[in-house]
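The values are calculated or read from the model by the stated rules, or taken from the named source; none is laboratory data. Just so you know, these numbers come straight off a predicted model, no measurement behind them. Every residue, glycine as well, gets a Cβ built from its backbone with ideal geometry; the counts of neighbours run over all protein chains shown. To get the accessible areas, we keep the full protein, side chains included, count just its heavy atoms, and leave off ligands, DNA and RNA. Shrake-Rupley method; radii C 1.70, N 1.55, O 1.52, S 1.80 Å.
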Amino acid sequence: MTEKIDVKSLTLEELKEELLSRGEKSFRAAQMYGWMHGKQARSFEEMTDLSKEFREKCGEWYTYTALSPVRVQESRIDGTKKFLFDLGDGNVVESVWMKYKYGNSVCISSQAGCRMGCSFCASGIGGLERNLTPSEMLDQIYAITRLTGERVSNVVVMGTGEPLDNYDNLLVFLKLLTDENGLHISQRNVTVSTCGLVPQMRRLAGEKLQITLALSLHAATDEKRRSLMPVAKRCSIEELMDACAFYFQETGRRITFEYSLMRGVNDSLKDAQDLGRLAGRLRCHVNLIPVNPIKERSYVQSDRDSILAFKNALEKNKINVTIRREMGRDIDGACGQLRRRHMEGGQYAEGIFHN
Ligand code: SAH
């Protein structure tokens, strides 16, 4: 038996071809696409203006991704919600919903697990299980829109996984997400975060999208970066800076550097000066993130004064800096923590629980 096609991962053009090859009329494609991505139907049964016979055939030909949460946690501090979704094959992924003044932002996962192994991150501890399909990335947003009843305006691919390690699926996802017949989220409101896979960063630049590329830097010298992130052994900071400059050249989009501050590890004034020298060479923005301590590692947050001193040192060098507001501290807010708790058998953090 041939494997069923994941129909929600097809672009409109692919869906047209697919239906034509099955002897169906091509206008069915636009109808189905509208149900899947415009109205975000949860099943073929909901597509009521398609004949029952056609819907049944769809059920035989295709799989239909519609994620359900196994757990929802809501922060008592800021209303941030964290969703743990069941992928139906024993894997779960987490997504975070955050309310900001400018709109609602969703942080999605791109892989079940991760093979990058950054030392401070909970997502990589169990390694990579598998890539998410485009529809699985997309449906995290569709499901959250339905569950919260609110429109999502911004999407950040900063949950579990390395998006550029799942490049082809990521690109289809971005196409579907920003498509005018779907959620139609502006490319400018989408951020993809990478630990720094240079060839894929360059390839992404060539796609000439208007999305923001965020680079997880976390250290400003190769030696220090290599001690925190195994991926840094594959390429130098110099190569990363070149790739970032190329991204800006091709897209006109300013790069975001993410820098998680860890006490005594990367938060000294010398670190700030080194970072300032790098950032000063590019059109960029630096986002300082107080590290979110995970129980498997001993990293500690820098104290408030060191964080402010670090920020000041960068600003003296005319670098654009923000300190990321911590959202959902009480609900396992850090990457991959909720998923890990689930896999360990469910000692969850505080917060309000729904099921
Ligand atoms: N793999 C991608 C995207 C996922 S991680 C990347 O590396 O960018 C999203 C961001 O959270 C990255 O900057 C990552 O380094 C950071 N991060 C991971 N664990 C963290 C923690 N415990 N505290 C603070 N930031 C963390």
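Quick one: which of Leu183, Leu164, Leu171 is more than 22 Å from Met343 (Cα to Cα) and either in a strand (DSSP E or B) or open to solvent by less than 10 Å² (accessible area, probe 1.4 Å) (or both)? Step through it out loud before you land on a result.
On the way: Leu183 fails: either in a strand (DSSP E or B) or open to solvent by less than 10 Å² (accessible area, probe 1.4 Å) (or both); Leu171 fails: either in a strand (DSSP E or B) or open to solvent by less than 10 Å² (accessible area, probe 1.4 Å) (or both).
Answer to the selection: Leu164.
Hey, does the range 97-107 have a residue that's within 15 Å of the ligand (Cβ to nearest atom), part of a loop (DSSP other than H, G, I, E, B) and in the same structural domain as Met343 (by TED's automatic domain parsing)? Let's see the steps before the verdict.
First, the residues of the range 97-107 that are within 15 Å of the ligand (Cβ to nearest atom): 98, 105-107.
In the following step, the residues that additionally are part of a loop (DSSP other than H, G, I, E, B) were identified as none.
Scanning the range 97-107, I find no residue that is within 15 Å of the ligand (Cβ to nearest atom), part of a loop (DSSP other than H, G, I, E, B) and in the same structural domain as Met343 (by TED's automatic domain parsing), so the answer is no.
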Practice task
Of the numbered conditions (1) over 24 Å from Cys114 (Cβ atoms); (2) not in a helix (DSSP H, G or I), Cys235 fails exactly one; give the number of that condition.
Solution key: (1)
Practice task
Would you check if Ile307 is within 16 Å of the ligand (Cβ to nearest atom), assigned by TED's automatic domain parsing to the domain that holds Ser193 and either aromatic (Phe, Trp, Tyr) or touching a Lys or Arg at 6+ places or on another chain (Cβ under 8 Å) (or both)?
Solution key: no
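Do we have Gly117 as assigned by TED's automatic domain parsing to the domain that holds Leu338, within 13 Å of the ligand (Cβ to nearest atom) and not β-branched (Val, Ile, Thr) here?
yes
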Fill in the blank from the handout: (1) over 27 Å from Gln210 (Cα atoms); (2) touching a strand residue (DSSP E or B) at 6+ places or on another chain (Cβ under 9 Å); (3) free of Cβ contacts under 8 Å to residues at least 60 places away in the same chain all hold for Leu147 apart from (3)
Problem - Close pairs (8 angstrom Cβ cut-off, 6 or more residues apart or separate chains): more than 15 Å from Val157 (Cβ to Cβ) in the range 183-207, open to solvent by 20 Å² or more (accessible area, probe 1.4 Å) and within 14 Å of the ligand (Cβ to nearest atom) anywhere - result: Val198/Arg234
Practice task
Report, by residue number, each residue of the range 117-130 that is within 23 Å of Leu177 (Cβ to Cβ) and open to solvent by less than 20 Å² (accessible area, probe 1.4 Å).
Solution key: Ser123
Practice task
Would you mind stating whether Ser9 is more than 30 Å from Arg324 (Cβ to Cβ) and open to solvent by 30 Å² or more (accessible area, probe 1.4 Å)?
Solution key: no
Completion exercise
For the range 120-161, the count of residues that are away from the ligand (no atom under 16 Å from the Cβ) and part of a loop (DSSP other than H, G, I, E, B) equals 6
Practice task
Report whether or not Gly90 is away from the ligand (no atom under 16 Å from the Cβ) and over 22 Å from the mean Cα position of the chain (by Cα).
Solution key: no
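So which residues in the range 186-202 are in a helix (DSSP H, G or I) and within 16 Å of the ligand (Cβ to nearest atom), if there are any at all?
So in the range 186-202, the residues in a helix (DSSP H, G or I) come out as 187-189, 198-202.
Passing the criteria: Val198, Pro199, Gln200, Met201.
Among the candidates Gln337, Gln347, single out the residue that is at pLDDT below 95, more than 16 Å from the ligand (Cβ to nearest atom) and of a type outside the set (Ser, Thr, Tyr).
On the way: Gln337 fails: more than 16 Å from the ligand (Cβ to nearest atom).
The conditions single out Gln347.
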Practice task
Return only the number of the condition from (1) away from the ligand (no atom under 14 Å from the Cβ); (2) modelled with pLDDT of 75 or more; (3) out of contact with any strand residue (DSSP E or B) (no Cβ under 7 Å at 6 or more places or on another chain); (4) part of a loop (DSSP other than H, G, I, E, B) that Asn312 does not satisfy.
Solution key: (4)
Practice task
Among the residues of the range 203-232, write down those that are in contact with a helix residue (DSSP H, G or I) (Cβ under 7 Å, 6 or more places away or on another chain), within 15 Å of the ligand (Cβ to nearest atom) and open to solvent by 30 Å² or more (accessible area, probe 1.4 Å).
Solution key: Arg226
Exercise for the section: Under 6 Å between Cβ atoms, at least 6 apart or on separate chains: pull out the pairs that start in the range 286-301 with a residue that is in a strand (DSSP E or B) and end on any residue that is more than 7 Å from the ligand (Cβ to nearest atom) and of a type in the set (D, E, K, R). Expected result: Asn287/Arg324; Ile289/Arg324
